[in-house]
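Here is the structure we will look at, set down as structure tokens.
Taken together, the values in this text are just the output of simple stated rules run on the coordinates, not laboratory data. On a predicted model such as this, the values are computed, not experimentally measured, just so you know. Heads up, the Cβs are rebuilt from the backbone with ideal geometry, glycines too, and the neighbour counts pull from every protein chain shown.
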Amino acid sequence: MLWDMTKLLITVMAVFGISTSAMAFELAQGLTPPGRQRTTLNYVGFFYDKAEFPQERANMRYQLMDLSSPVYKTETQSVGLSFSGSQMSVDPAQNGYSELYDIKFGASYTKVLGEKRMWSVMVNYGSASDKPFYDPTVSTLGITAFYSYPSDEKSSWLLLANYSNNRPILNNIPLPGFAWFYYPSRELNLVLGAPFASINWQFADKFGLTFFTLVPWVIKSTVYYKLNDFAQVYAGMDFSQVTYLPYGRENREDRLFYDEKKFLMGIKSPLSKSVFADFEVGHAFDRRFFIAENYEINPGNQVDIGNAYYAKLALRVAFQ
């Protein structure tokens, strides 16, 4: 059941959306038993139609590439390295927003203690800014440690602690967390914890739903239809953010937020034994940039962006 818990939490983290794509692949290495870890390469691209900015109409796109690989592994322990890089671009530049980058280098250590118990530590360092690595004010640091153990044959516990200087909320504060995983069948997987909750429930022969929330400002929910044992079509909504550390800000605690909501539909399926694809289209609305120390519902300095249609392509390659 440890592997079932691993796959479930990776799915949970992946549905955070573009703001936490890097976190998903970092946890994938840390939560996978060492003997099953593989080198993985991921690409995610969001391409938006032209939308109204305060100055003029402009295109936006967001692209991310990440690579993670075990550099040493046995059946009981592993050391992994990772890299991720993303770019958000606005063309032509609007109100100073043109190119924003988020680049991270990471390392992890995972140890199996026996009896389905495991712990792991992950560290990443990088820069999320319009001028990455220009000086220490645009550097990012994240540390996550967790311990997982079974409760019974149908449930498990995960205890974790995380520090980050680029969180949408409660930034620069070490946070404890926990999660209870309940997987009574292939049709139902439930996660209850802090600061998130998730459900994946196939409620009919081929129909199911997923729901995820990262309290209090990230929500994603979909309803899906299974075309076969591997492929599915889906529709839903997504509310999430991505954050940066702009160079030259007067308050070191301030971050630049990109905030949006989306209605979406798509199809995902393996293309081969090692390649998985996800294609999605949707409508992005209630979009804005703003500067704040933590996420705010009504910031006073927001730059509103017009609604836009978008297309997303995600590819995942797992090497033997």
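Structural remarks
- By the helix-only formula, in which each DSSP H run with n ≥ 4 contributes -39500 (n - 2.57) and the sum is divided by residues, the chain has a 222 nm mean residue ellipticity of -2500 deg cm²/dmol.
- At 1.306 mPa s and 10 °C, Stokes D of the chain from Kirkwood alpha-carbon radius, µm² per second: 78 µm²/s
- Neighbour net charge for Y224 - beta-carbon separation under 10 angstrom, K R +1, D E -1: +3
- Residue pairs, from the table K50/K261; K226/K268; K226/K261, whose Cα atoms sit over 21 Å apart: K226/K261
- Residues M60, M65, sorted so that the one with the fewest Cβ neighbours within 10 Å comes first: M65, M60
- Total charge dipole magnitude, segment 2-318, about the Cα centre, Cβ charges on Lys, Arg, Asp, Glu only, Debye to nearest 20: 840 debye
- The GluC sites (Glu not before Pro) found in segment 216-297 that occupy coil by DSSP, while having at most 13 further C-beta atoms within 10 Å, are E250, E253, E293.
- Net charge in the neighbourhood of V112 (other residues with Cβ under 14 Å of its Cβ; Lys, Arg +1, Asp, Glu -1) is +3.
- Segment 98-244, relative contact order [Cα under 8 Å, separation at least 6], %: 13 percent
- Averaging 1/r over each pair of different alpha-carbon atoms in segment 84-138 and inverting the result gives 13.8 Å, the Kirkwood hydrodynamic radius.
- Ranking of S139, S185 by count of other Cβ atoms within 10 Å, fewest first: S185, S139
- A straight line joining the Cα centroids of segment 197-224 and segment 245-287 runs 18 Å.
- Residues R186, R287, R249, arranged from fewest to most other Cβ atoms within 10 angstrom of their Cβ, appear as R186, R249, R287.
- When the chain is treated as a GNM with alpha-carbon contacts under 10 Å, the residue of A194, A204, A161 showing the greatest mean-square fluctuation is A204.
- Rel. contact order, % - alpha carbon contacts under 8 angstrom, at least six apart, the chain: 15 percent
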